[in-house]
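The values are calculated or read from the model by the stated rules, or taken from the named source; none is laboratory data. Keep in mind that what you see is a predicted model, and the values were worked out from it rather than measured. Virtual Cβ from ideal backbone geometry, glycine too; neighbours counted across all protein chains shown.
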Amino acid sequence: MKFFIFVALVLVLGGLGSSIHGELTEVERNALFDIFIEIPDEYQNVNIDEDILFTLKLVNLGGAGRIDVFLEYSVLDVNREVVLDKRETVAIETQASFLRELNLEGIPVGDYEIYAKMIYADGKTVDGRHSFKIKSAEAERNVLIWIIAGIVLLIGLAIFLYPKMKLIRDKMRIKSQVRKIVRKSRVQG
């Protein structure tokens, strides 16, 4: 495996996509790629120290044929500093989709983006990015505790006020009946 990575790096650094003779093949010359990154909704906001899943879709818009490309994907912070990165070489004919997982252990709470860059055919590049958030599970628990405390407070308040409300309602009913009796006696008298 190390030998394969070494050979891939030599090809990339020595002119990615070059044939053994140093010239681009017809397929490599006609290659024109695009890259798309998708993060499923449930991974748009991940808890600290969790993994993130994302899909890379690579599309060859140019000529048909198999071509090896060098792929880098990174996690960038709000200052566009690389927090985590991975590299690999993949072969693509017309299009390919890859599901990738990155372990975010040790990366603090904040806003980030996945940045992917593909290098192909003698140094041509294409890149894409998609943002996501790392949040604190503790903050989520605190919000839940406040919500539960609010509900308990409302229930307690309702239990406390119910007898008083019943007493007020009974007083109002008696006053209403007294008014009716007074009206009737005035009308009759």
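Miscellaneous remarks
- Tyr43 vs. criteria within 17 Å of Lys135 (Cα to Cα) and among the aromatic types (Phe, Trp, Tyr): yes
- Inspection of the range 94-114 identifies at least one residue that is surrounded by 15 or more Cβ atoms within 10 Å (Cβ to Cβ), touching an Asp or Glu at 6+ places or on another chain (Cβ under 7 Å) and at pLDDT 95 or above.
- Asp34 being modelled with pLDDT of 70 or more, surrounded by 12 or more Cβ atoms within 10 Å (Cβ to Cβ) and either of a type in the set (Lys, Arg) or in contact with an Asp or Glu (Cβ under 6 Å, 6 or more places away or on another chain) (or both): no
- Boolean, Tyr120 is aromatic (Phe, Trp, Tyr) and touching a Gly at 6+ places or on another chain (Cβ under 8 Å): yes
- Residues that are farther than 30 Å from Gln44 by Cβ and of a type in the set (Phe, Trp, Tyr) within the range 135-178 comprise Phe160, Tyr162, listed in sequence order.
- Among the residues of the range 87-110, those identified as of a type in the set (D, E, K, R) and assigned to a strand (DSSP E or B) are Arg87, Glu88, Arg100, Glu101.
- Among the residues making up the range 33-86, none is under 30 Å from Asp122 (Cβ atoms) and in a helix (DSSP H, G or I).
- Test: residue in the range 167-174 that is part of a strand (DSSP E or B) and without any contact (Cβ under 8 Å) to a residue 40 or more places away in the chain: no
- Of the listed requirements (1) under 30 Å from Ile39 (Cβ atoms); (2) more than 33 Å from the chain's Cα centre (by Cα); (3) of a type in the set (D, E, K, R), Glu138 misses just one: (2).
- Residue in the range 119-132 that is modelled with pLDDT under 90, under 30 Å from Ile35 (Cα atoms) and hydrophobic (A, V, I, L, M, F, W, C) present: yes
For (1) over 21 Å from Asp49 (Cα atoms); (2) touching a residue at least 24 places away in the same chain (Cβ under 8 Å), each residue gets a yes or a no:
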site	(1), (2)
Leu84	no, no
Val90	yes, yes
Thr94	yes, yes
Leu102	no, yes
Tyr115	no, yes
Thr125	yes, no
Gly128	yes, yes
Ile134	no, yes
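- No other residue among Val46, Val78, Val59 is touching a residue at least 12 places away in the same chain (Cβ under 8 Å), loosely packed, with under 12 Cβ neighbours inside 10 Å and at negative phi apart from Val78.
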